[in-house]
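These notes are about the structure you will find just below.
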Amino acid sequence: MDSSRLRVLACLAGACGLLVGAGCDPVRSARPARSPIAADPFDDPTLRSGKPRVLVLMPEFPQTLEVWASLRQELRSDFDVVSRRIEPDAEVELIAEAIASVGPACIVVMDNPTLRLYKTYQQGSPPNTKHPPAIVVMTSFLEEQAGTLKNVVGIAYEVPAVTQFAHLRTLLRRPMKRVGVVHRGLLSGFIERQRELTKAESIELVSVKVGDSPDAEELRAALDRLVVQRGVHALWVLNDNTLLTPELLELAWLPAISGERPIPVVVGVASLVANSPQVGTFAMIPDHEALGAQAASLIFELADEAFQPTGKLIEAPVSIKTIINGKQARSYFGFNDALRAKVDEVVE
Amino acid sequence: MSRRRFARWTISAGAGLPVLTGATQALAADLMLLVFVPTDARVRSFEKQLTACLPGVNVRAVSRFRDFESSLQSGTDAVLTLQPVLEQLKLAVSAQGKRKGGDSKEPYLLVSAGAPVVPSTVGKMGAVDILGHSGMKSFVAQVSGASPKIKSVIKIEDLLPLLQLQAVDAVLMPERYLPTFQTNTQLDLRPVRVGSAGLPALATLTAQGRSIVPLVHRLTASINAQMGVSEWTVLG
């Protein structure tokens with residue numbers, strides 16, 4: 001492989017917003033940038049008497065700021081929204097101090113490191129501490145983590161397979177009865193939950209499990225099994241950094257999807273569609289503006305229940321943004337301009 | 001006359017167009033139209049379509065009620081939004097969108113997956129947020145006759161995932177979207193007809209904004225169809 005292509009692939013993998021793997025985080029792996037929003041989230045608002053307070057614990061990243069802006073917009077007439085910046089090296093005392101000084105009716109916790117810190121705070125609190133409900137957003141595989149926390153509700157960050165595949169079916173003029181996915185063992189539970197949900201849409205999720213550290217040969221064999229032997233109608237690429245290394249992209253993914261019969265590939269990060277070499281045809285990613293509105297809706301529900309959470313604790317994100325590779329989608333998969341209004345971005 | 005208006009007037013007149021036409025276009029040049037009408041198209045795409053058939057009008061479309069509220073405070077000459085939104089904000093209707101036959105309201109459905117629901121027994125209902133949290137409670141009660149917990153979304157298409165993920169018992173939506181939903185899903189959708197709600201309408205907020213009113217007749221059939229409108233009636 002020439003060095004320039006390797007560099008491109010390395011950048012791709014680094015920019016993925018990868019979800020699974022040591023030290024990876026869906027939010028912080030993205031490039032930090034100043035907020036495009038008008039208000040500074042960390043300026044304290046004038047507190048109004050009688051208005052419940054929502055404490056937001058968050059890092060300052062484009063994605064978290066987008067969620068924050070939407071959340072605050074929805075809440076501000078009914079709640080005072082007070083926000084605290086949580087850096088990666090923040091001490092747990094920062095959380096204790098913020099909760100003590102703000103006295104929130106509920107707390108919004110954004111991203112993995114912030115959740116880890118909040119968990120440390122809870123574990124260090126006296127056993128009889130009454131924690132306000134926390135709404136967790138933008139963290140990886142929240143359902144797996146939620147059981148270890150007290151009084152936590154939230155919205156998972158992974159876009160459900162059923163939402164992605166049903167939307168994909170509306171964009172393509174071809175059958176969508178079997179979708180293939182390669183995964184490692186640690187995501188078996190997640191895959192099973194997705195499989196159940198896709199059944200309702202008459203879509204079979206065909207999965208092949210690989211080892212914890214597969215090499216290119218093992219991954220290529222798994223992909224061939226799905227594409228050639230099982231004849232899946234699309235491939236779903238999980239945001240798992242172990243399966244998306246530059247070497248695996250070059251030696252397994254690209255050859256497997258560049259066969260004689262092109263297959264639509266759905267990815268969870270825009271860079272895999274937008275940057276060359278384009279692995280994905282369709283990127284379906286969480287809509288951060290809608291995620292903020294969904295979190296606000298959850299807070300209104302909590303308020304209606306006097307901040308005593310009942311019912312389902314972890315929701316799935318309901319809204320997605322779709323980015324497509326226009327050339328591929330048009331050339332191979334029947335995408336036409338009449339469908340342009342149903343996608344958010346077409347990369348040419 | 002601003003430089004921009006003057007330039008537009010000069011170009012129109014210079015092109016041999018009647019002076020009056022040039023002046024009319026010039027008047028429209030600095031007009032602001034704020035739009036909040038949920039459709040099944042992306043908001044930027046919808047804005048682009050509106051801009052194309054309203055030359056000289058600065059169209060800004062937003063997808064959320066709260067954005068609409070805050071944009072209103074920033075100032076605009078006219079707004080195009082659903083009639084219940086105008087009613088909540090106490091804005092007078094200058095032009096009303098109507099269905100074929102002249103009805104200014106459209107029928108709504110309560111749609112569930114698997115088994116039909118009795119509206120009064122629905123515990124959790126999905127709906128597009130057109131009025132904010134408290135306004136939606138009244139709207140849902142008025143249209144569906146129920147007082148459920150409301151799961152608000154910001155796009156019409158997001159109602160379908162609520163059913164796919166079993167996050168609600170039913171979703172409330174205009175009847176005209178049912179065929180699209182049926183095309184887009186294999187779920188066994190069960191619609192129950194409930195009440196009706198007002199179609200999009202135009203309200204003017206400034207004296208200048210009145211010149212936007214007749215322009216509703218320029219909206220294409222495609223744009224009107226996306227809003228559930230067949231014709232427009234200019235009032236007053």
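The values are calculated or read from the model by the stated rules, or taken from the named source; none is laboratory data. Please read all numbers here as calculations on a predicted model, not as lab measurements. Note: ideal-geometry Cβ built from the backbone for every residue, glycine included; neighbour counts use all protein chains shown.
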Q: Check whether at least one residue in segment A:233-247 is surrounded by fewer than 21 Cβ atoms within 10 Å (Cβ to Cβ), at pLDDT below 95, among the β-branched types (Val, Ile, Thr) and closer than 25 Å to A:Glu348 by Cβ, and report yes or no.
A: no
Q: All but one of (1) over 25 Å from A:Phe79 (Cβ atoms); (2) more than 14 Å from every other protein chain (Cβ to nearest Cβ) hold for B:Phe139, so report the exception by its number.
A: (1)
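Being of a type outside the set (Lys, Arg), outside any helix (DSSP H, G or I) and touching a helix residue (DSSP H, G or I) at 6+ places or on another chain (Cβ under 6 Å) narrows it down to one of B:Gly135, B:Gly126, so name that one.
From the options B:Gly135, B:Gly126, the qualifying one is B:Gly126.
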Q. Among A:Leu251, A:Leu223, A:Leu238, which is within 30 Å of B:Asn184 (Cβ to Cβ) and assigned to a helix (DSSP H, G or I)?
A. A:Leu223
Q. Which members of segment A:303-327 meet the condition of being away from chain B (no Cβ under 13 Å) and among the aliphatic types (A, V, I, L, M)?
A. A:Ala306
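Please pick out the residue among B:Arg66, B:Arg60 that is at pLDDT below 95, under 22 Å from A:Gln73 (Cα atoms), touching a helix residue (DSSP H, G or I) at 6+ places or on another chain (Cβ under 9 Å) and not aliphatic (A, V, I, L, M).
B:Arg66
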Q.
Based on this model, can you work out whether A:Val273 counts as assigned to a loop (DSSP other than H, G, I, E, B) and closer than 30 Å to B:Asp158 by Cβ?
A. no
**Q.** B:Ala127 being within 15 Å of the chain's Cα centre (by Cα), away from chain A (no Cβ under 14 Å) and more than 14 Å from B:Gly198 (Cα to Cα)
**A.** no
Q. Across segment A:278-297, what is the total count of residues that are touching a Gly at 6+ places or on another chain (Cβ under 8 Å) and within 10 Å of chain B (Cβ to nearest Cβ)?
A. 0
Q. Counting just the residues of segment A:173-205 that are under 27 Å from A:Ala338 (Cα atoms) and among the basic types (Lys, Arg), which one comes out nearest to the other protein chains (Cβ to nearest Cβ)?
A. A:Lys177
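More than 14 Å from chain B (Cβ to nearest Cβ), closer than 25 Å to B:Met136 by Cβ and either in contact (Cβ under 8 Å) with a residue 12 or more places away in the chain or not in a strand (DSSP E or B) (or both): is that true of A:Phe300 in this structure?
When the stated conditions are applied, A:Phe300 does not pass them.
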Q | Any hit, segment A:273-281, residues being without any contact (Cβ under 8 Å) to a residue 60 or more places away in the chain, within 13 Å of the chain's Cα centre (by Cα) and within 18 Å of A:Leu243 (Cα to Cα) | A | no
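Do you know which of the residues in segment B:143-152 that are more than 19 Å from the chain's Cα centre (by Cα) and more than 13 Å from chain A (Cβ to nearest Cβ) is surrounded by the most Cβ atoms within 10 Å (Cβ to Cβ)? Reasoning before the result, please.
Taking segment B:143-152 as the starting set, the residues that turn out to be more than 19 Å from the chain's Cα centre (by Cα) are B:144-151.
Now restrict to residues that are more than 13 Å from chain A (Cβ to nearest Cβ): B:144-146.
Values: B:Ser144: 23, B:Gly145: 13, B:Ala146: 20.
Step by step, filter segment B:143-152, then rank; the result is B:Ser144.
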